[in-house]
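What follows is a single structure, written as structure tokens, with notes after it.
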Amino acid sequence: MDERSTADAIVVGSGFGGAVAAARLAQAGFSVVILERGRRWHPGDFPRRPDLEDGWLWGVDRGLYDIRWLDTMGSVQASGWGGGSLVYANVFARPFEGAMDERWPDHLRRQTLDPYYDLAAHVMGVAPAGSDPSTGEAAPRTALIERMMEGMGAPERTIRPALAVTFGDPETWRPNAQGVPRRGCAFVGECVIGCNHGAKNTLDTTYLALAERHGAHAVTDAEVQRIDLRSAASKGREYTVVTSTPSDPSAPPREWVAPMVILAAGAVATNELLLRSRDRHGTLPGLSPHLGRGFSGNGDFLTLAELRGDRKDMTTGPTITTTTVLSVPEGRRSVWYQVQDGAIPPPLHALIDALLPAGGLRHRWQRLRRSDPRRTFAVLSMGRDSGRGTLRLDSSGKAELSWSNRWQSHLYRSQRRVGPLISRLLGARQYNPPTWSLLRRTITVHPLGGVRPGPDAGSGVVDSQGEVHGYPGLFVMDGSTLPAATGVNPSATILAATERAIETVIRASGRPGWRAPEWEDVAPAPVPEDSAFLAAAALQEGTRGDGVLFTERMAAPGRRRSRLEMRLSAEVRSIDHFLTDPAHAVSIQGAIDVDGLASQAPVTGTLSLFPRGVDEAMRYSLRFEDDSGRPWQLTGVKTTRSRLPLALLSGLTTLPSEIAPVGASDAQPFRALLTISVPDVVRLGTSVRGQGFTRARRLRAAARFLTFFARSALSGPRIGRTGSGPDHR
């Protein structure tokens, strides 16, 4: 062993949890060793050639990506100094408090973590995507999604998320707060294959640079194989971390000793290390029986959309530029998830083309279809899956996952509908990756869970600070401690949770009151995703049970030109609210013609259908402005006097109405009689349309409305000839 083999703290992994823990411990004066199995990557080092031996895969030449097939789910993670930040899509997002369930303890909820989110946002230098420096405009993909949501009448549910990217002049290098040169984003769209331009604010340029500046010792090419607990008479408990050298399998193992060890190797690797220590090596036999349980893929689901026709380049801009929040009814519950656009870098297309067989045939087929990879983008969904997976060891000591897709069938069913919806709205071809279409296996880039927190070993693996029950000084600080899917990109939550946990650990280690030096410069960071979630929640509440639309036309009777005619569109936004509302109110808008008064004037108001406790079948309350801009009120009431078919039809299609100027008490209103002709009755009946995310829900909403209407018409109150509606003379 060399002089670096002992330290106050050993951090295993340099991803989002490990980088924060190492930086804060070093700032607090601890001697820190950071063990990372991967290499250091610098701008210009990341692979680009369509050749697997260019550094793409860990399993080939200790490359960038480690793709693990966990039997029932695939997991993609990065290897290198900076962990997942090297290849993630930069999104800094907070979970929506209103969608978090009882699995989330107080120390991981927004009320506790929001200040630490602000701190992490400050260190990572986050900002929403700006304009392409070469065009001065938003990326074409951004504009496409925003226009689509505006066309759907829901622009407030789409936001531009905060990104850990440097924006500005793409040609000028400037040092960031840690003295690491950065330059502005050039919108090349290669974030997820490593930024060769030098604009990503990755962990090696932020927290890890901070750790090294304060004396932390980085050891790359060191893969942890086991963790031993030993007791030293003079020092008390200590842990020995044994590493191998991936670049030289014949090299002897090395041992690193410290009283504090922080595991932050990512959810899969951290679970694997602890499971091996308990079940294979027997060095940590007292680990909780809950270890490995509660694994989640964060509800990740991927589809691809290929635009038809002559379109702009969809590969430019940061990988993700927009987030759209959906809350979709599925069965008796609502499914929350977010949808993001995703650039597919041309070098990745080239690599896939080089690896797949029959390249010549595929290229000829693409030419026939007029297919262009630059018109294709990813549709990335993240939601709240069941979080009921269990990691265990296979016969070779590697992690495997017990997972059933049926547990989150509602989520996957809803996510699968997003692709066809976007295809229909944008005129695109939609297709799923073969892992789903052929194997029904999902791929996650956000593995979480397996080391759930709890007050004791009977309910969890770690406590609220991440300390392992029964093993003082052994901590876990990465995505494995998150008890469920975040429903958003989880990196910000890992950063914030680690900031809080390591602050608590440092204070308990003889430094009471310690806080990160950056706090003095921290200001509350914008949380654009909250507004999108709130808009989705309001829409969910306002459209419970789905909605209904219908149209009707009424006019004054007679062969001569009508004195009065209305063409109305009615909307029931929530059939649930409508049925429980005593007034059974319906929103109305349309146009009205009144000879000598108004021509094609917009009209708005409400229609009350069979209100409870009132001898009325329908009450109209509408407003419009005449041609001079003066406001008018139209009030009309339909009544029924008999269940006989002709009498019932007459009552439901005849509207005695009164029209009066608004605010003119001395003005004389005039009365008119409007009717619905037989052809218009037919058109009214056939215009009833359900509003919902699926055809089945639309049909059900329409059926519930028509059933209500029929029952109310046939069983509603009857009045005599002196009804309560406006008189018509």
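The values are calculated or read from the model by the stated rules, or taken from the named source; none is laboratory data. This structure is a prediction, so every number in the text was calculated from the model and none was measured. Glycine gets a Cβ as well: all are built from the backbone with ideal geometry, and neighbour counts include every protein chain shown.
Observations on the model:
- Counted residues, segment 106-119 - those being assigned to a helix (DSSP H, G or I) and under 14 Å from Thr486 (Cβ atoms): 4
- Hey, Arg364 farther than 23 Å from Arg48 by Cβ, assigned to a loop (DSSP other than H, G, I, E, B) and modelled with pLDDT under 80 or not: no
- Residue pairs whose Cβ atoms lie under 7 Å apart, separated by 6 or more positions or on different chains, with the first residue in segment 692-706 and closer than 14 Å to Leu549 by Cβ and the second outside any helix (DSSP H, G or I) and of a type in the set (Val, Ile, Thr), are Ala701/Val548; Ala702/Val548; Ala702/Val688; Phe705/Val548; Phe705/Val572; Phe705/Val688; Leu706/Val688.
- Residues that are in contact with a helix residue (DSSP H, G or I) (Cβ under 9 Å, 6 or more places away or on another chain), touching a residue at least 60 places away in the same chain (Cβ under 8 Å) and either within 18 Å of Leu391 (Cβ to Cβ) or assigned to a loop (DSSP other than H, G, I, E, B) (or both), drawn from segment 421-445: Asn432, Arg441, Thr442, Ile443, Val445
- Among strands (runs of 3 or more DSSP E) entirely within segment 218-317, having at least 1 residues that are among the basic types (Lys, Arg) and either within 38 Å of the chain's Cα centre (by Cα) or surrounded by fewer than 24 Cβ atoms within 10 Å (Cβ to Cβ) (or both) singles out 223-232, 236-244, 254-258, 293-295.
- Selection status of Thr486, more than 15 Å from Ala264 (Cα to Cα) and at pLDDT 95 or above: no
- When each of Val505, Val451 is tested for being modelled with pLDDT of 95 or more and either of a type in the set (Phe, Trp, Tyr) or outside any loop (DSSP other than H, G, I, E, B) (or both), the lone residue that passes is Val505.
- Spans of strands (runs of 3 or more DSSP E) in segment 554-616 with at least 3 residues β-branched (Val, Ile, Thr), surrounded by fewer than 20 Cβ atoms within 10 Å (Cβ to Cβ) and on the phi > 0 side of the Ramachandran plot: none
- Within segment 168-192, restricting attention to residues that are closer than 30 Å to Thr376 by Cβ and of a type in the set (Val, Ile, Thr), the residue that is farthest from the chain's Cα centre (by Cα) is Val188.
- Counting only residues that are surrounded by fewer than 17 Cβ atoms within 10 Å (Cβ to Cβ), within 23 Å of Pro345 (Cβ to Cβ) and either touching a residue at least 24 places away in the same chain (Cβ under 8 Å) or among the hydrophobic types (A, V, I, L, M, F, W, C) (or both), segment 25-42 holds 1 of them.
- Total residues in segment 636-663, condition farther than 18 Å from Ala598 by Cα, under 49 Å from the mean Cα position of the chain (by Cα) and among the aliphatic types (A, V, I, L, M): 3
- Arg544 under 29 Å from Leu86 (Cβ atoms) and of a type in the set (Lys, Arg): no
- Restricting segment 519-538 to residues that are surrounded by 18 or more Cβ atoms within 10 Å (Cβ to Cβ) and of a type in the set (A, V, I, L, M), the residue that is nearest to the chain's Cα centre (by Cα) is Ala532.
- Cβ-Cβ under 7 Å pairs, at least 6 apart or on other chains, segment 94-117 side more than 22 Å from Val522 (Cα to Cα) and buried (at least 18 other Cβ atoms within 10 Å of the Cβ), far side of a type in the set (D, E, K, R) and at pLDDT below 90: Ala99/Arg384
- Check on Asp530, modelled with pLDDT under 95 and not assigned by TED's automatic domain parsing to the domain that holds Ala696: yes
- Candidates are the residues of segment 158-184 that are surrounded by fewer than 19 Cβ atoms within 10 Å (Cβ to Cβ) and among the small types (Gly, Ala, Ser); the one that is farthest from Leu495 (Cα to Cα) is Gly168.
- Residue list for segment 371-391, restricted to those being in contact with a helix residue (DSSP H, G or I) (Cβ under 7 Å, 6 or more places away or on another chain) and either β-branched (Val, Ile, Thr) or closer than 12 Å to Gly294 by Cα (or both): Val379, Asp385, Ser386, Arg388, Leu391
- Check on Ser381, in a helix (DSSP H, G or I), in the same structural domain as Gly309 (by TED's automatic domain parsing) and either modelled with pLDDT of 65 or more or within 24 Å of the chain's Cα centre (by Cα) (or both): no
- Neighbours by Cβ (under 7 Å, 6+ apart or cross-chain): first from segment 446-465, on the phi < 0 side of the Ramachandran plot and in the same structural domain as Ser386 (by TED's automatic domain parsing); second in a loop (DSSP other than H, G, I, E, B) and hydroxyl-bearing (Ser, Thr, Tyr): Pro453/Ser464; Ala457/Ser288; Gly460/Ser288; Val461/Ser288
- Odd one out for Leu326 among (1) farther than 30 Å from Pro420 by Cβ; (2) not in a loop (DSSP other than H, G, I, E, B): (1)
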